[in-house]
Amino acid sequence: MLAETFISAALLATTAFAAPAPNPIQLMTRAPNPGVVITKCASPGMLALAYDDGPYQYTSQLVDILGKAGAKATFFWTGTLYGCIYNQAAAVKKAFASGHQLASHTWTHPHMSSYSASQITTEMTKVETAFANLIGKKPLYMRPPYLETGGQVLPVLKSMNYKVITDDIDTGDWNNQSPAQSQQKFTQAGAGGNGHIPLMHETYASTVNTLTPWLINWAKQNNLKLVTVAECLGDKDGAYQAQSFPISSGPFSC
């Protein structure tokens, strides 16, 4: 009996050694799952600057600031929140050409948790169409307005193959918090562990001109690479649909 127990234990140990359980972090690095809320990077040593609510009047300036630092960022854009996206065509094309990730923040920035599946689909497809018209690509990443993921939001986004991003640090710029208050949040969170994906808004001059340069400095001091959200999830080449789309000529309207 003792011998049989020993043999069984040995067989179990051999099986465990031959096929170790997959590491969840490694799985996320290989393939972020659509329709699953992601709040942080999949590995350390990175910071994914992520800006909501544009494109806006500061977009081109922000691209220049990031470019001088060799930093990449992700822009979660709407179609109509701060004017029609087509009116910012030059800034959209500039950000894309500069290697930044362009992602969806819905067409009108609604509270989608109360929306039907068809309404959510419409919000997403309108942004896709605008991106296809302007840069010939459709996004596969999105951040839901107000970070709301209830109701039909996640099931619909999963069916559309979208990777859903929220945040792990809220800068509070949308809530009248100063850059100094936002900076304190990063200092308190620290640079250890998997990289941060902060909630920021390019529609505030203070975020563009004060907080962003500080974050570039903070990342440098802490040996953090400033990357897109897709790259920080090990999905650098998966930011857009695999298919390219013909770039249409205007005029367009929202």
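What's the angle, to the nearest 10 degrees (0 to 90), between helix 212-221's Cα axis and the longest principal axis of the chain?
Taking Cα atoms only, the helix is inclined about 30 degrees.
For Lys72, which lysines qualify as cross-link partners when the Cα separation must be under 25 Å and same-chain residues fewer than eight apart are set aside?
Those lysines meeting the cut-off are Lys40, Lys93, Lys94, Lys137, Lys138, Lys163, Lys185, Lys220, Lys225, Lys236.
If Cys254, Cys232, Cys84 are ordered by their accessible area, calculated over protein heavy atoms with a 1.4 Å probe, which sequence runs from highest to lowest?
On the way: Cys254 75, Cys232 0, Cys84 25 Å².
The most accessible residue leads, giving Cys254, Cys84, Cys232.
When the helix-only estimate is applied to the chain (DSSP H runs of n ≥ 4, each -39,500 (n - 2.57), divided by the residue count), what is the mean residue ellipticity at 222 nm, nearest 500 deg cm²/dmol?
-11000 deg cm²/dmol
I need the peptides 153-161, 131-139, 74-82 ranked by packing, meaning the mean over residues of other C-beta atoms within 10 angstrom, with the highest value on top.
Packing order, densest peptide first, comes out as 74-82, 131-139, 153-161.
Assigning unit charges at the beta carbon (Lys, Arg +1; Asp, Glu -1) and nothing else, what dipole magnitude in debye, to the nearest 20, does the stretch 141-221 show about its Cα centre?
My answer is approximately 200 debye.
What percent does the relative contact order of the stretch 28-84 come to when contacts are Cα pairs within less than 8 Å and at least six residues apart?
Worked out over the stretch 28-84, it gives 38 percent.
Express the relative contact order of the chain as a whole percentage, based on alpha carbon pairs under 8 Å and six or more residues apart in sequence.
Value for the chain: 31 percent.
Lys and Arg at +1, Asp and Glu at -1: add these up for the other residues within a Cβ distance under 13 Å of Gly70 and post the number.
Once all neighbours under 13 Å are counted, the net charge is +3.
Note down the net charge around Phe131, summing +1 for each Lys or Arg and -1 for each Asp or Glu among other residues with Cβ under 12 Å from its Cβ.
+3
With Cβ to Cβ distances under 13 Å as the rule, what net charge do the other residues near Val92 carry (K, R +1; D, E -1)?
+2
What percent of all Cα-Cα pairs in the chain falls in each 5 Å bin, counting up from 0?
1, 6, 13, 17, 18, 16, 11, 6, 3, 3, 2, 2, 2, 1, 0, 0, 0
Return the single residue from Lys94, Lys163, Lys72 with maximal mean-square fluctuation; model: Gaussian network over the chain, springs between Cα atoms under 10 Å.
Evaluated over the chain, the most mobile residue of the options is Lys94.
So, for the chain, what is the accessible surface per residue at a probe of 1.4 Å, expressed in square angstrom?
That works out to 47 Å² per residue.
Taking Cα pairs under 8 Å and at least six residues apart, what relative contact order does the stretch 137-192 come out at, in percent? Walk me through the numbers on the way to the answer.
Details: 31 pairs, mean separation 17.0, N = 56.
It comes to 30 percent, rounded to a whole number.
Under a 5 Å amide H to amide H cut-off, with H placed in plane at 1.01 Å, what residues pair with Trp77 once short-range neighbours are removed?
Excluding prolines and chain starts, which carry no amide H, the hits are Ala103, Ser104, His105.
Which of the peptides 142-149, 54-61, 189-196, 34-41 is most tightly packed, and how do the rest follow, judged by the mean count of other Cβ atoms within 10 Å per residue?
54-61, 142-149, 34-41, 189-196
Please report, as a whole percent, how much of the solvent-accessible surface of the chain comes from carbon and sulfur atoms (probe radius 1.4 Å).
On the chain, the fraction of accessible area on carbon and sulfur atoms equals 56 percent.
So if each residue of separation counts as 0.36 nm, and I subtract the Cα-Cα distance between Asn222 and Glu148, what length gain in nm does that give?
Working: separation 74, 0.36 × 74 = 26.64 nm, distance 3.17 nm.
Extending this stretch completely gives an extra 23.5 nm.
Rounded, prolate or oblate: which fits the stretch 45-87 when a ≥ b ≥ c are the square roots of the eigenvalues of the alpha-carbon gyration tensor, with rounded for a/c under 1.5 and prolate only if a/b beats b/c?
Oblate, since a/c reaches 1.5 and b/c is not below a/b.
Full-extension gain between Ala117 and Ala180, please, as 0.36 nm times their residue separation minus the C-alpha to C-alpha distance.
Value of the extension gain: 18.7 nm.
Would you mind working out the magnitude of the charge dipole of the chain relative to its Cα centre, with +1 at each Lys and Arg C-beta and -1 at each Asp and Glu C-beta, to the nearest 20 Debye?
Roughly 520 debye for the chain.
The values are calculated or read from the model by the stated rules, or taken from the named source; none is laboratory data. The structure displayed is predicted, hence computed values, not measured ones. In this analysis, Cβ positions are derived from the backbone assuming ideal geometry, glycine residues included, and neighbour counts consider all displayed protein chains. All accessible areas refer to the heavy atoms of the entire protein, side chains included, with ligands and DNA or RNA removed. Shrake-Rupley method; radii C 1.70, N 1.55, O 1.52, S 1.80 Å.
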